[in-house]
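Derivation of every value follows stated rules applied to the coordinates shown; laboratory data play no part. Source: prediction; values computed, not measured. With ideal geometry, Cβ positions are generated from the backbone for all residues, glycine too; neighbour counts draw on all protein chains shown.
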Amino acid sequence: RKNTNKRGVSLKTQELYALVFATRYLDMFTDFISLYNTVMKLIFLSSSFSIVWYMRRHKLVRRSYDKDHDTFRHQFLVLPCLILALLIHEQFTFKEVMWTFSIYLEAVAILPQLVLLQRTRNIDNLTGQYVFFLGAYRSLYILNWIYRYFTEPHYVHWITWISGFVQTLLYADFFYYYLNSWKNNVKLTLPA
Amino acid sequence: PASESVKDEL
């Protein structure tokens, strides 16, 4: 709140994340898995939608949001993911295709944010840490998938594994520069 | 289907 300079955060990426969670958690009210699962889904949905609402509606934040640099066009990511989900999925049902779409979209949703960081170059600590933990979240899933692959029979899910791996790869160079800046205790700057 | 078998994942 106090850092109303939202210059570093990409509204485009926030909107893509809101779409990812909206299309992935369609079965939240029909299938109860666990309290943790339901609570976290509500947290993911409420946090992503409130960030979008806040960045769009809040007068102070809207003015400082860097809209002339955050110009990545959603449809360049949404349409290919939708087409891919219609072609490659495990079952041709609305729920399964929507879920698969959300898996593909999450893998690339960070791109507008990474493009914005390279354009604005002034990466303040909050934004840098935010992007770092967004990437760390999915890379920790890879550790979980490896563990489950070796401990549970028939635990093979190519769609989530490949998408999660691609997503983590997209962060690779950001992780490299972020960890270097952290190690050398210098300001994080990405190459143009 | 995948959405069912990994539904315990967020």
- Message: Just to confirm the number: angle between the C-alpha axis of helix A:158-183 and the first principal axis of chain A, 0 to 90 degrees, nearest 10?
- Response: 30
- Query: How well do other chains shield peptide A:94-102, expressed as the mean number of their Cβ atoms within 10 Å of each residue Cβ?
  - Reply: 2
- Task: Determine, for each peptide in A:98-109, A:127-138, the mean count of other beta carbons within 10 angstrom over its residues, then list the peptides with the highest first.
- Result: A:98-109, A:127-138
- First select every other residue whose beta carbon is under 14 angstrom from the beta carbon of A:R148; then total the charges, Lys and Arg +1, Asp and Glu -1. -2
- Query: Taking the Cα atoms only, what angle lies between the long axis of helix A:94-108 and the longest principal axis of chain A, rounded to 10 degrees?
  - Reply: 30
- Could you check the simple spin-label distance between A:D68 and A:S46, using points 7 Å along Cα→Cβ, in nm with one decimal? 3.8
- Note on the structure: For region A:60-137, the Kirkwood Rh over every pair of distinct alpha carbons, in Å, works out to 14.4
- Note on the structure: Of region A:113-146, those with amide N under 20 Å from the point 7 Å along the Cα→Cβ vector of A:K187 are A:114-132
- Query: Using a Cα distance threshold of under 13 Å, what count of lysine pairs results for the protein assembly as shown when pairs must be 8 or more residues apart or interchain?
  - Reply: 5
- Query: Out of every Cα pair in the protein assembly as shown, what percent are spaced more than 32 Å from each other?
  - Reply: 19
- For region A:61-187, what is the charge dipole size about the Cα centre, in debye to the nearest 20, if Lys and Arg each add +1 at the Cβ and Asp and Glu each add -1 at the Cβ? 420
- With the Cα gyration tensor of region A:122-192 in hand, convert its eigenvalues to equivalent ellipsoid semi-axes via √(5λ) and list them largest first in whole Å. 30, 11, 9
